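What follows is a set of notes on a single structure, which appears directly below.
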Amino acid sequence: MSDTTQFRVLDFDCPTCASTVERALANTQGVEDVEVHYSTGRVEIEYDDNITDSDTFAQTIENQGYTPQPA
Amino acid sequence: MNKRSITQYYRKHRTAIITATSGLLYAGGWSLGYLTSSEAASSAVLVLATIVGGYDIAKTAYHEVTNRTLGIKTLVTLAAIGAIVIGEYWEAAAVVFLFSLGSYLEGRTMRKTRTALQELLEMTPDTATVRRDGELREVPARDVEEGEVVIVKPGGKIPVDGTVVDGESTVNQAPVTGESAPVHKADSDEVYAGTVNQDGALEVQTTGAGSDTTLERIIRRVEEAQEAQSPTESLIDRFAKYYTPAVIVLAIGAYAVTQNAILSLTLLVIGCPGALVIGPPVSIVSAIGNAARSGVLMKGGEHLERAGKIGLVAFDKTGTLTKGETTVADVAGFDVATDEVLSLATTAEKKSEHHLADAIVDAARERLTAATDGGTTVAQADETVAGYQSIPDPDDFDVVAGKGVIAHADGHEVVVGNRALLDDRDIDIPSTVASYVREREGRGETVVHVVRDGDVIGAIALRDELREAALGVVAVLQDAGIETVMLTGDNERTAAAVAEEVGIDDYRAELLPEDKQSAIEELQTDGHVVAMVGDGINDAPSLATADVGIAMGAAGTDTAIETADMALMADDLERIPYAVKLSKATRWNVLENVGLAVLTVTVLLAGVLTSYVTLASGMLVHEASVLAVIINGMRLLRY
């Protein structure tokens with residue numbers, strides 16, 4: 001089933017940082033759609049919950065060097 | 001502090017701790033070199049400072065490279081590694097430390113912008129007192145079901161959207177509408193989640209809870225607006241995509257030509273597209289956030305940039321410059337008693353739904369009494385009702401759109417309407433009537449004639465009061481060099497009188513709704529960037545045609561928000577100059593930021609080519625410029 005989750009990343013320090021996270025999330029298996037916004041720090045991910053889950057995304061964002069917070 | 005809380009503390013403040021450690025090591029390495037002349041020890045500490053400060057940057061740079069989004073961290077990492085390779089340990093440590101410090105400060109200030117809206121959401125209480133199974137229960141606000149009755153104590157925050165079913169109070173609606181004055185609420189009035197109940201207890205029947213409230217919807221829209229890129233932003237973004245790789249190529253080229261490693265590494269540092277890409281989004285996000293807190297929804301950076309160029313504001317008259325509450329100002333009888341005129345007009349109008357008809361019926365209810373002498377106040381009130389109730393219903397009636405109504409009652413034909421309707425029916429207007437009409441229209445009133453069996457027996461003058469704010473708003477816009485025009489369906493003379501009263505520059509009268517749209521188009525062909533202020537429903541076509549459509553009183557109506565570029569949550573005309581000025585300030589702010597960024601890069605480039613600027617000083621100036629544009633943009637939060 002397709003599901004949607006949101007995070008809030010308050011420590012993006014440049015627009016490219018947001019694009020990097022967006023690419024990394026988009027390359028995660030099971031992710032169908034992803035939006036990352038530098039200006040508001042909002043991350044929205046649409047994914048297949050049989051393949052992946054919200055914790056994986058939080059880990060991916062952290063791996064890129066940013067702090068995800070639940071939205 | 002146990003181990004777990006130390007880990008948590010570290011995670012939360014990681015960037016600050018790393019930056020501080022790298023800074024201390026950097027200072028230590030520098031002092032060692034200065035005090036002891038032990039170059040090896042000093043270099044070792046400086047390399048350590050670079051590694052501590054640079055690890056996170058390099059890690060993100062690695063992800064940038066693998067995700068093919070080359071950014072500033074890639075450039076900084078390359079510069080730091082390069083500096084170490086050529087033995088410039090001091091430069092390497094300085095670049096990394098300054099970059100970390102800059103990023104940390106930028107992240108902190110951006111956090112303020114990003115959380116500005118969250119403060120609004122936190123206005124909504126987490127729990128609600130709801131009447132369930134005959135008893136009062138405290139439940140999470142998001143679990144309240146539609147139709148359930150919530151009890152709100154005096155001084156409490158309202159947890160849901162709903163309709164008042166019991167009680168009376170005043171409510172501070174500032175979080176939703178931006179209005180500072182509290183609004184009176186009684187039976188069947190709407191209230192919004194997040195607003196503050198003041199002096200009375202209210203029972204509210206829920207229409208929306210949790211994420212389905214007006215405040216939540218507004219905030220979602222505001223966020224979407226902040227995320228939508230303005231034309232300037234997307235232009236810069238497209239440019240930045242090629243900019244970073246181009247800088248790397250340039251640095252390599254410079255090294256190939258000059259064999260000067262410091263020069264080419266400095267190029268990497270100053271070539272970071274910092275202030276340029278960060279400036280415009282910060283300005284726009286701050287402006288939209290500020291507007292939201294004042295009850296103005298800006299639909300996005302694109303709309304904001306256009307609004308910054310507004311040269312002319314067109315106002316719809318009824319309901320925008322005026323209160324939209326028409327009342328009878330005067331009733332005239334020509335050889336007939338005024339009460340008879342009003343009574344006859346009421347018969348003809350009582351089944352009509354036009355706003356002029358409503359005003360006439362209301363006046364009849366107020367003024368017509370069965371007997372005028374004696375009795376107490378209470379008895380008089382009863383007689384008033386009796387006087388109104390004795391007015392007969394019409395046998396039949398026809399509405400002539402835009403002109404009036406024709407009715408039959410008691411064997412008489414009654415016509416109530418404007419001059420056009422009387423002309424259509426070849427009814428003569430005696431000169432006394434005509435001069436009465438001219439005189440009232442000269443005061444900005446609208447006059448209808450009352451005709452019985454072909455004779456004009458009276459006239460009723462109706463007035464729609466100006467909003468108190470109208471004069472001030474027009475004056476403030478004019479002071480700001482913006483032209484003002486009023487659009488109205490009224491006749492020429494009434495329009496001229498109202499226009500003069502408000503002090504508006506120009507007016508267009510006798511417009512049908514579709515004419516308003518072409519009036520806007522004409523103003524645009526004259527070369528103006530035109531904003532149109534209207535109510536969002538009747539004026540939807542002209543709002544859409546205008547360069548910037550501004551809808552008033554939009555809190556409850558989604559259609560108004562859809563068609564408009566800006567929506568005022570409250571019916572508060574005074575927000576117009578604020579919104580227009582904020583847009584202009586934002587446009588300037590974006591230009592300032594772009595200007596500052598370009599100037600910085602130019603000066604730095606000149607500095608590098610003349611060898612005045614090296615890695616560390618280049619990074620210092622670069623980071624300072626980024627902070628400067630962020631702080632400049634954030635001024636708009638407090639505009």
(request) Taking only region B:208-223 into account, find how many residues are crowded, with 19+ Cβ neighbours inside 10 Å and under 15 Å from B:Pro140 (Cα atoms). (result) 2
(request) Scan region B:588-619 for residues that are under 23 Å from B:Val257 (Cα atoms), at pLDDT 90 or above and in contact with a His (Cβ under 9 Å, 6 or more places away or on another chain) and jot them down. (result) B:Leu604
(request) Could you grab me the full set of residues in region B:298-332 that are assigned to a loop (DSSP other than H, G, I, E, B) and of a type in the set (Lys, Arg)? (result) B:Lys299, B:Lys309
(message) Which condition from (1) within 18 Å of B:Ser352 (Cα to Cα); (2) touching a Lys or Arg at 6+ places or on another chain (Cβ under 7 Å) is the one that B:Ala420 breaks?
(response) (1)
(request) Please specify each residue of region B:457-475 satisfying the condition of being crowded, with 23+ Cβ neighbours inside 10 Å, more than 41 Å from the chain's Cα centre (by Cα) and hydrophobic (A, V, I, L, M, F, W, C). (result) B:Ala459
(message) For region B:75-95, give me each residue that is touching a residue at least 60 places away in the same chain (Cβ under 8 Å) and within 14 Å of chain A (Cβ to nearest Cβ).
(response) B:Leu75, B:Val76
(request) Taking the residues in region B:90-123 that are of a type in the set (A, V, I, L, M) and under 30 Å from B:Val222 (Cα atoms) as candidates, determine which candidate is surrounded by the fewest Cβ atoms within 10 Å (Cβ to Cβ). (result) B:Leu121
(request) Would you be able to tell me the number of residues in region B:272-297 that are within 13 Å of another protein chain (Cβ to nearest Cβ) and not in a helix (DSSP H, G or I)? (result) 2
(request) Please go through region B:415-427 and pick out each residue that is surrounded by 13 or more Cβ atoms within 10 Å (Cβ to Cβ) and part of a loop (DSSP other than H, G, I, E, B). (result) B:Asn418, B:Arg425, B:Ile427
(request) Test B:Glu305 against the stated conditions and say whether it is farther than 20 Å from B:Asn538 by Cβ and acidic (Asp, Glu). (result) yes
(request) Among the residues of region B:105-143, write down those that are among the acidic types (Asp, Glu) and either within 13 Å of chain A (Cβ to nearest Cβ) or in contact with a Ser or Thr (Cβ under 8 Å, 6 or more places away or on another chain) (or both). (result) B:Glu106, B:Glu138
(request) Go through the residues of region B:175-182 one by one and say whether even a single one is at pLDDT below 90 and surrounded by fewer than 17 Cβ atoms within 10 Å (Cβ to Cβ). (result) yes
(request) Given the conditions (1) surrounded by fewer than 18 Cβ atoms within 10 Å (Cβ to Cβ); (2) in contact (Cβ under 8 Å) with a residue 24 or more places away in the chain; (3) of a type in the set (D, E, K, R); (4) in a helix (DSSP H, G or I), report the number of the one that B:Lys241 does not fulfil. (result) (2)
(message) Please go through (1) without any contact (Cβ under 8 Å) to a residue 12 or more places away in the chain; (2) in contact with a Phe, Trp or Tyr (Cβ under 6 Å, 6 or more places away or on another chain) for B:Pro273 and return the number of the only condition it doesn't satisfy.
(response) (1)
(message) Restricting to region B:6-50, give me the number of residues that are assigned to a helix (DSSP H, G or I) and under 26 Å from B:Thr109 (Cα atoms).
(response) 23
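One line per residue, one yes/no per condition, for (1) of a type in the set (A, V, I, L, M); (2) buried (at least 23 other Cβ atoms within 10 Å of the Cβ):
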{"site": "B:Ala554", "(1), (2)": "yes, yes"}
{"site": "B:Ala564", "(1), (2)": "yes, yes"}
{"site": "B:Asp571", "(1), (2)": "no, no"}
{"site": "B:Gly618", "(1), (2)": "no, yes"}
{"site": "B:Val621", "(1), (2)": "yes, no"}
{"site": "B:Ser625", "(1), (2)": "no, yes"}
{"site": "B:Asn632", "(1), (2)": "no, no"}
(request) For region B:205-233, enumerate the residues that are among the polar types (S, T, N, Q) and more than 11 Å from chain A (Cβ to nearest Cβ). (result) B:Gln205, B:Thr206, B:Thr207, B:Ser211, B:Thr213, B:Thr214, B:Thr232
(request) Find the residue count for region B:124-135, including only residues that are surrounded by fewer than 20 Cβ atoms within 10 Å (Cβ to Cβ) and in contact with a helix residue (DSSP H, G or I) (Cβ under 8 Å, 6 or more places away or on another chain). (result) 3
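Do any helices (runs of 4 or more DSSP H) lying entirely in region B:527-635 carry at least 2 residues that are assigned by TED's automatic domain parsing to the domain that holds B:Leu98, and which ones are they?
Qualifying helices (runs of 4 or more DSSP H): B:575-609, B:615-634.
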(message) Return the residues of region B:476-515 that are surrounded by fewer than 20 Cβ atoms within 10 Å (Cβ to Cβ), under 26 Å from B:Val415 (Cα atoms) and of a type in the set (A, V, I, L, M, F, W, C); say none if nothing qualifies.
(response) B:Ala509, B:Leu512
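The values are calculated or read from the model by the stated rules, or taken from the named source; none is laboratory data. Computed from a prediction, not measured in an experiment: that's the story for all the values here. FYI the Cβ positions are ideal-geometry reconstructions off the backbone, even for glycines, and counts take in every protein chain you see.
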